[in-house]
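Here's the structure we're looking at; comments come further down.
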Ligand SMILES: *Cc1c(COP(=O)(O)O)cnc(C)c1O
């Protein structure tokens, strides 16, 4: 995280010490850096400066309104996957004309919602969805702007749960069936063909899958053009990875140069849907050590954050760096960092050599993406507070849930 700093032996986000955040807002708490968010967006935007492009932040990575606000102010568009995300973008002041609507199971209500708002494009994933959208558009006297998500059948070489571009995945329409579906779409009165899109997976650290998929995609665009179906934009989705541990992430300049070479002489606008790359490194999860249970076989540090706050280790066996907010020297040992949830899968980090005492604060790094967004109330745990640091100022952008809120929508029997 670019905005993580050490001052007087203690960890800070921008110029606010994490100890101060914990004292004011408690733990567990997500802490985001506005400077890191803005730097990540600008790096992406500037890498593609040579191409006409639209960045649509994929908000499923982190949909906090303040984060959407930061990106909207920088001119970002948004990639949404539900009516709820659509509503969030509007609530955060995002421009509906820069929204792409992805997802394999959009409901009729969600399609109507997108049409009413006048979004940039529906990324349609099946023939049936196209029919639904056409019917809804016809009924309301509107024309729906459409891109077809095609499945390029390339291996993104990432975790199977976040690999989405293989033939056997549930996403998109089969590559060979796409031309026929475009022909059908061209004949529908409620549909305006605008583009084509792919999204091959997440936490991708190699350029080759992108090269392969983009090359195939552009061949398809040319085949369609030869039939008179001309596309205005090409959407390459998201998926660019970050460094959690020892990965070597793709350099954005290399990615952009590779895409620019493939786009030479073309007129289509490029659309990109980065999620993790824009927010992952811009947040930490701040947690406090509740109990230490040293043992001859394994030693456990029980912290107040858990798998309901950060699911990635339990779900993908993901690695997050753990840093003491104020490091100490005495007696390091190998700790299992675990939460209070009643599951053996409730671990945040395994086998970390740290010197710890009860009451210490720990920062779990790279927790800006797919952390709060995937959090739950499992074990009736209120969701964590969220704080956005801007220079020397702390903004509470998500207050801690209360226990009362957990069951406020439930009722007892009459
Ligand atoms: C999840 C998703 C993204 C963002 O993926 P990242 O790996 O976070 O960049 C982009 N587009 C679609 C369609 C997605 O489902």
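Any residue in region 182-199 that is assigned to a loop (DSSP other than H, G, I, E, B) and within 16 Å of the ligand (Cβ to nearest atom)?
Yes: one or more hits.
Among the residues of region 238-249, is there at least one that is in the same structural domain as residue 199 (by TED's automatic domain parsing), within 23 Å of residue 33 (Cα to Cα) and part of a helix (DSSP H, G or I)?
Within region 238-249 (the criterion being in the same structural domain as residue 199 (by TED's automatic domain parsing), within 23 Å of residue 33 (Cα to Cα) and part of a helix (DSSP H, G or I)), the answer is no, since none of the residues qualifies.
Only one residue in 87, 91, 144, 127 is over 25 Å from the mean Cα position of the chain (by Cα), farther than 17 Å from residue 233 by Cα and without any contact (Cβ under 8 Å) to a residue 60 or more places away in the chain, so which one is that?
127
So, in region 37-56, of the ones that are within 18 Å of residue 388 (Cα to Cα) and surrounded by 24 or more Cβ atoms within 10 Å (Cβ to Cβ), which residue ends up farthest from the ligand (Cβ to nearest atom)?
37
Out of 209, 274, report the one residue that is crowded, with 17+ Cβ neighbours inside 10 Å and touching a helix residue (DSSP H, G or I) at 6+ places or on another chain (Cβ under 9 Å).
274
Taking interchain pairs and intrachain pairs at least six residues apart, which have beta carbon atoms under 6 angstrom, with the first residue in region 390-407 and on the phi > 0 side of the Ramachandran plot and the second surrounded by 13 or more Cβ atoms within 10 Å (Cβ to Cβ) and part of a loop (DSSP other than H, G, I, E, B)?
Close Cβ pairs (under 6 Å, with a partner that is surrounded by 13 or more Cβ atoms within 10 Å (Cβ to Cβ) and part of a loop (DSSP other than H, G, I, E, B)) amount to 391/14.
So is residue 103 free of Cβ contacts under 8 Å to residues at least 40 places away in the same chain and over 27 Å from residue 135 (Cβ atoms) or not?
Considered against the rule, which asks whether it is free of Cβ contacts under 8 Å to residues at least 40 places away in the same chain and over 27 Å from residue 135 (Cβ atoms), residue 103 comes out as no.
Would you please name the residue that is farthest from the ligand (Cβ to nearest atom), looking only at residues in region 154-181 that are within 17 Å of the chain's Cα centre (by Cα), closer than 21 Å to residue 271 by Cα and not in a loop (DSSP other than H, G, I, E, B)?
163
The values are calculated or read from the model by the stated rules, or taken from the named source; none is laboratory data. Computed from a predicted model, the values in this text were never measured in an experiment. Cβ: placed from backbone, ideal geometry, glycine included. Neighbour counts: every protein chain shown.
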